[in-house]
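Novice: Supplied in structure tokens, the structure appears directly below.
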Amino acid sequence: MGLTLTEKILKAHLVEGEFVKGQEIGIKIDQTLTQDATGTMAYLEFEAMGVPRVKTERSVAYIDHNTLQSGFENADDHRFISSVAKKHGIYFSRPGNGICHQVHLERFGIPGKTLIGSDSHTPTGGGIGMIAIGAGGLDVAVAMGGGTYYITCPKVVKVELKGKLSPWVAAKDVILEVLRILSVKGGVGKVIEYCGEGVKSLSVPERATITNMGAELGATTSIFPSDEITREFLKAQKREEVWTELSADADAVYDEVIEIDLSKLVPLAACPHSPDNIKTAEELSGMKIDQVCIGSCTNSSLLDMLKVAHILKGKTVHPDVSLSIAPGSKQVLTMLAENGALADLIAAGARILESACGPCIGMGQSPNSKGISLRTFNRNFEGRSGTKDGQIYLVSPETAAISALTGVFTDPRTIGDMPEFKLPETFLINDNMVEPPVDEKDMDKVEILRGPNIKPFPQTSPLSETIDVPCSLKVGDNITTDHIMPAGAKILPLRSNIPAISEHCFTVCDKDFPKRAKELGQSIIVGGSNYGQGSSREHAALAPLYLGVKAVLVKSFARIHRANLINAGILPLTFVNENDYDNINEGDNLEIKNVKADVVAGKTTLTVVNKTKDIEIPVLCELTGRTKDIILAGGLLDYTRESLKN
């Protein structure tokens, strides 16, 4: 029986466990990346481990999130990350060099390698045939120190692509169609593997758009084969030597198969407030819009920008619309400037932003009250834009550009004939904004520069004998990490300061939660299905940790957030019977007797006693040997520190 591409790469990197679907496996990590919103904490954790130099083949620290500097905090973080990178063997991509996923695809990604990044959209690397996985910062720190990365051995879903995209239908429409089919929960525990003749019609940037937004499926990652298209992209980046041909065996067996005829797809949009709330552009046609934002790690490639420039050339943005454009990297921005496309964008009235994440993470460009904003981004969660009642639609660059001109939601197929857009045979290569680390012999000469906003990792403690605490908060289904730990220009600068950022924890849902949690001292949070979907930000676990949250009890977890809770030493529990969710209210006193002894014994079913209602509720506590030991130790940092001593 043949192997899928996913199985080939994972088995080649397997260092612990057996390759059995649903069981935990440990894999060797070749590369890591961080970005500045998660990076400071990741490097504080790396320092705390006491490992002098990274042990990966390549680790890169990017500055792309917190680039709006309205105070000293972000600049201090960037200075800290730069000094840590220089000392400990990490390449440093300076602010202005571009978005981590775009730059990594261009300059560092290698087919067949494993990559984890402290950003949920790390699966972008699957566009060139990598197993690229989003993870919490502490997991990345451990991998940099040479540690194993653990995942649940995934099921593999085959997406068979047939045909070819019609004019003005884009790669964004492909992943929106997959989201329509599978939903934001449909990829949990799975890798999405793209196969079929239709793959050959998609460029690497188009493939990267699809794998990037696969994060919204809840998938472990997504991957395309590495073929001649991949080779041509790497050759144009002057990196052909790293290319390897990789694909699934012809007789590979998949756990699930989805067929998509590219020729039958139409322009689509994800409507507020979920990436799987899909309608066609035609259905939405004529809706007045207020804002258009083009860019993000999903759609800021040179190919995307050339299409937008073609649509805008010689025209003017509608007077009722604000259009902003953020090229994904310095390479893209420079090439647009040199070929004249940048002038076309500016002449049309576009506001050119720096090569960074910007509006995608609420860092500027918030829409007006109740404003309808078309964005080429990957998430449209409520309030993520910075405007609580903003109506955010996720669309392709083509749909965004034509709608910016008309002032209403417009199907791009109405534009007329589409010219052929080709990637250049050679990209402009200038890595002067990537600083290499110093030689190991010189590392002691490098001073780590810490600003006053950089605070230590929160204090942890081993699992207590019994948990007897109130429920401090009860929330519903599809709670995102944006709900738990909001982003935006006001809050992101506090990412290095857990005590300060915890004041914003869950305030989207309940403005009084931080104060109440601190007054209670210790507590449990109760939630619904798909709890913790979205960003990989470990702050959504670290802030509750600081506020005394000892356990989170929900109907189901998103993968990365569950791992982050375990890493923080917070006990993740799920209802055996989802109806028991109704048997707990905020303020109820909850007790888990002898929890430490039960976890030590490996019990998977525990009992939560609602002392207020005098009800016993069975809950699942599904911990493996390793995750059990992490919880008992009080978190991954404590566990790793002890492991390194032995």
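Novice: Determine whether the stretch 292-303 contains at least one residue that is touching a strand residue (DSSP E or B) at 6+ places or on another chain (Cβ under 9 Å) and surrounded by fewer than 24 Cβ atoms within 10 Å (Cβ to Cβ).
Specialist: Looking through the stretch 292-303, none of the residues is touching a strand residue (DSSP E or B) at 6+ places or on another chain (Cβ under 9 Å) and surrounded by fewer than 24 Cβ atoms within 10 Å (Cβ to Cβ).
Novice: Out of the stretch 461-479, which residues are crowded, with 17+ Cβ neighbours inside 10 Å and assigned to a loop (DSSP other than H, G, I, E, B)?
Specialist: L463, V475, N478, I479
Novice: In the same structural domain as L302 (by TED's automatic domain parsing), crowded, with 21+ Cβ neighbours inside 10 Å and over 20 Å from E398 (Cβ atoms), is that true of I325?
Specialist: no
Novice: Here is a follow-up. Has the stretch 344-352 got at least one residue that is within 25 Å of K422 (Cβ to Cβ), surrounded by fewer than 17 Cβ atoms within 10 Å (Cβ to Cβ) and more than 30 Å from the chain's Cα centre (by Cα)?
Specialist: Looking for residues that are within 25 Å of K422 (Cβ to Cβ), surrounded by fewer than 17 Cβ atoms within 10 Å (Cβ to Cβ) and more than 30 Å from the chain's Cα centre (by Cα), one finds at least one in the stretch 344-352, hence yes.
Novice: Could you pull out the residue among N564, N610, N579 that is crowded, with 16+ Cβ neighbours inside 10 Å and free of Cβ contacts under 8 Å to residues at least 40 places away in the same chain?
Specialist: Of N564, N610, N579, the one residue that is crowded, with 16+ Cβ neighbours inside 10 Å and free of Cβ contacts under 8 Å to residues at least 40 places away in the same chain is N610.
Novice: Name the single residue that is nearest to R495 (Cα to Cα) among those in the stretch 74-97 being of a type in the set (D, E, K, R) and under 23 Å from the mean Cα position of the chain (by Cα).
Specialist: Only one residue tops the list, namely D77.
Novice: A follow-up question, please. Quick one: what pairs do we get from the stretch 463-475, first residue under 18 Å from L632 (Cα atoms), second of a type in the set (K, R) and in a strand (DSSP E or B), C-beta under 6 Å, 6+ apart or different chains?
Specialist: Pairs found: I467/K550.
Novice: Filter the stretch 21-55 down to residues that are modelled with pLDDT under 95 and among the β-branched types (V, I, T) and give me whichever is surrounded by the fewest Cβ atoms within 10 Å (Cβ to Cβ).
Specialist: Out of the qualifying residues, it is V51.
Novice: Need at least 3 residues that are crowded, with 21+ Cβ neighbours inside 10 Å per element, so show me which strands (runs of 3 or more DSSP E) inside the stretch 187-278 make the cut, counting only ones lying wholly within it.
Specialist: Filter on the stretch 187-278 gives 190-195, 221-223, 268-270.
Novice: Quick check on my filter: what residues within the stretch 413-458 are polar (S, T, N, Q) and over 29 Å from the mean Cα position of the chain (by Cα)?
Specialist: If the condition is that a residue be polar (S, T, N, Q) and over 29 Å from the mean Cα position of the chain (by Cα), then T414, T426 are the ones that fit.
Novice: What number of residues within the stretch 71-121 are surrounded by 24 or more Cβ atoms within 10 Å (Cβ to Cβ) and assigned to a helix (DSSP H, G or I)?
Specialist: Residues in the stretch 71-121 being surrounded by 24 or more Cβ atoms within 10 Å (Cβ to Cβ) and assigned to a helix (DSSP H, G or I): 13 in total.
Novice: Quick one: what pairs do we get from the stretch 39-50, first residue more than 13 Å from L542 (Cβ to Cβ), second outside any helix (DSSP H, G or I) and of a type outside the set (D, E, K, R), C-beta under 6 Å, 6+ apart or different chains?
Specialist: So the pair list comes out as G39/A61; M49/G145.
Novice: L161 - would you say it is part of a strand (DSSP E or B), assigned by TED's automatic domain parsing to the domain that holds G109 and farther than 28 Å from N478 by Cβ?
Specialist: yes
Novice: For the stretch 486-565, please list each of the helices (runs of 4 or more DSSP H) lying entirely inside it that holds at least 1 residues being at positive phi and hydrophobic (A, V, I, L, M, F, W, C).
Specialist: Filter on the stretch 486-565 gives an empty set.
Novice: Something else: Please work out if A61 is assigned to a strand (DSSP E or B), in the same structural domain as G127 (by TED's automatic domain parsing), aliphatic (A, V, I, L, M) and within 20 Å of the chain's Cα centre (by Cα).
Specialist: So A61 fits the description; yes.
Novice: Right, P437: modelled with pLDDT under 95 and out of contact with any Cys (no Cβ under 6 Å at 6 or more places or on another chain) or not?
Specialist: no
Novice: Is it true that E232 is over 23 Å from E398 (Cα atoms) and out of contact with any strand residue (DSSP E or B) (no Cβ under 9 Å at 6 or more places or on another chain)?
Specialist: So E232 fits the description; yes.
The values are calculated or read from the model by the stated rules, or taken from the named source; none is laboratory data. What you see is a predicted model; the values in this text were computed from it and never measured. Cβ sites come from the backbone with ideal geometry, for glycine too, and all protein chains shown count toward neighbours.
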